[in-house]
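What follows is a single structure, written as structure tokens, with notes after it.
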């Protein structure tokens, strides 16, 4: 199997398509990253202060360019989540392999950013089911971890239904900062 960084796979079900980000997603993603209800739920842990609130096409385009740059250097993969009904990007999933000295070692770290009107248990389950089982092989890991703040009640319900467990363990950032509110699922 080719590395996810050589050939980025696509996944789809009846409702959603996960495919590598594209500049064509700029307008759809701008609605996600300028959504003031969504942004507080995004995981910006260890992201050098970026809060992922982008309210101009130029800033959204810079983010897309940066995500492509990170893919090319094998930093992480960012997929657009496309609602097939409207053929518009309604969020993104970022995944990368994480080696560390903390609890989240040999881990596929998953970030899910969704437009607020899609932040429902049913949608989150539909979206994550597309990629969870494939993550272990794609990112050569034994665990998947993702952040869900206590205020993200729909996300927490979805993760629990998908057999993710909450943990008191903190993710330790590059600078030693401790980040709470993680859920994990072992292979």
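Just so you know, all these numbers are worked out from the coordinates, no wet-lab data involved. Because the structure is a prediction, the values reported are computed rather than measured. Cβ: placed from backbone, ideal geometry, glycine included. Neighbour counts: every protein chain shown.
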Legend entry - Sorted by Cβ neighbour density within 10 Å, fewest at the top, the residues 132, 21: 132, 21
Legend entry - Cβ-based exposure ranking for 18, 138, in which fewest neighbours within 10 Å come first: 138, 18
Legend entry - Which of 111, 155 has the fewest Cβ neighbours within 10 Å, and the rest in rising order: 111, 155
Inset, instruction - Round to a whole angstrom and tell me the spacing of the C-alpha centers of the stretch 58-77 and the stretch 117-155. - result: 21
Inset, instruction - Looking at the chain, send over the antiparallel percent of its DSSP beta bridges, to the nearest 5. - result: 90
